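A quick write-up on the structure given underneath.
None of the figures in this text is laboratory data; all of them are computed from the coordinates on show. Just so it is clear, the structure is predicted and the values come from calculations on it, not from any experiment. Cβ sites come from the backbone with ideal geometry, for glycine too, and all protein chains shown count toward neighbours.
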Amino acid sequence: MRVLIAEDEIPLARKIASALVEAGHDSVVSNDGEAALSEVANGAFDLIVLDVGLPRLDGFEVLRRLRSQHVPTRVLMLTARGGVDDRITGLQLGADDYLPKPFAMQELVARVAALGRRYAEEPALTLQVADLTLDLANHQTFRDGRAIDLSTREIMLLKVLMREPGRVFTRTELCERVWEHSHEYDTKLVEVFIGRLRKKIGEPSLIHTVRYVGYTIREPA
């Protein structure tokens, strides 16, 4: 992919660019918000790694302008660790993913790759993991041909998991993607809904707990 790195910490920007080039991507670096917008205007990018704390225009304003201009480029936001409000704002403005600082470079490269896979094709209208099928067009779920009655929120949670089978989602990330701001990120709520989904989907279990991390969906062993 062709990636724009909008990061004002020059040593960090260079490290990110080097890691992405090593992973096979084409990287362009910009060190402030206005320059980042100019880069986007002058050339097509598949993804933008966008730091919140940019000079001249911060990352939120850059993202706001991109989305108001209907620029569909995927955006991975870099936020301060513990900056939950920043992550909420970024997702509400149209960011596709976020990564808190400081981060492991391997994780950034993996998230870039995951975003590339997620948007390589038009989103599927039917998701499937093993014998579990989710029909997004009609909001219907089936397990081995048996219809499963799910609430709207349960379908939303299942959709997040099934779009990326095998990926481990933290409880906080699931809160942000499914409940957004309405439940103030009560991660206990995720556990309740995961329990409901497991019970309704039945055995063998497809939703797995990764201890101390979160949840994933995958085919049974």
* Relative to the Cα centre, what is the charge dipole magnitude of the range 2-118, using +1 at the beta carbon of each Lys and Arg, -1 at the beta carbon of each Asp and Glu, and rounding to the nearest 20 debye? -> 320 debye
* To do: With everything on Cα atoms, drop me the angle between helix 105-118 and the longest principal axis of the chain, reported from 0 to 90° to the nearest 10.
  => 60 degrees
* Leading residue at positive end of dipole, the range 2-118 (Cβ point charges), from G53, V71, I16 -> V71
* Find, among the GluC sites (Glu not before Pro) in the range 1-83, those assigned to loop by DSSP (not H, G, I, E, B) with at most 15 other beta-carbon atoms within 10 angstrom. => E9
* Pairing the Cα long axis of helix 187-201 with the longest principal axis of the chain, what angle in degrees results, from 0 to 90 and rounded to the nearest 10? -> 40 degrees
* Asked: In whole Hz, what ³J(HN,Hα) sequence does the range 210-221 give by Karplus (6.51, -1.76, 1.60; θ = phi - 60°), x for Gly and Pro?
  -> 9, 4, 6, 10, x, 9, 9, 10, 7, 5, x, 5
* Asked: Gaussian network model of the chain, Cα springs within a sub-10 Å range: biggest mean-square fluctuation belongs to which of G145, G33, G53?
  -> G145
* Hey, any idea what Rg/Rh is for the range 1-78, computing Rh the Kirkwood way over Cα pairs? -> 0.93
* Structure fact -> log10 I(q)/I(0) for the chain, Debye formula on C-alpha points only (no solvent), q = 0.08, 0.10, 0.11, 0.15 Å⁻¹, two decimals, reads -0.32, -0.49, -0.59, -1.01
* When M162, M77 are ordered from fewest to most other Cβ atoms inside 10 Å of their Cβ, what list results? -> M162, M77
* Tally the DSSP beta bridges in the chain and give the antiparallel ones as a percent, rounded to 5. => 45 percent
* Structure fact -> Taking Cα atoms only, helix 84-93 is inclined relative to the longest principal axis of the chain by an angle, in degrees rounded to 10, of 90 degrees
* Only Lys, Arg, Asp and Glu count, each charged at its Cβ (+1, +1, -1, -1), so figure out the dipole size of the range 39-180 about its Cα centre, rounded to 20 debye. => 140 debye
* Asked: So what is the relative contact order for the range 2-118, in percent, with contacts set as C-alpha pairs under 8 Å and at least six apart?
  -> 23 percent
* Asked: So what is the relative contact order for the chain, in percent, with contacts set as C-alpha pairs under 8 Å and at least six apart?
  -> 13 percent
* Structure fact -> Once the in-chain neighbours fewer than 8 apart are removed, the lysines whose Cα is under 22 Å from K159 read K188, K199, K200
* Considering the chain as a Gaussian network with a 10 Å cut-off on Cα pairs, which listed residue, S30, S68, S18, attains the greatest mean-square fluctuation? -> S68
* To do: Taking amide H positions as placed in the peptide plane 1.01 Å from N, state which residues far from L47 in sequence (5 or more) or on other chains have amide H under 5 Å from it.
  => R2, L4
* Asked: Separation of the range 123-159 and the range 1-62 by C-alpha centroid, Å?
  -> 37 Å
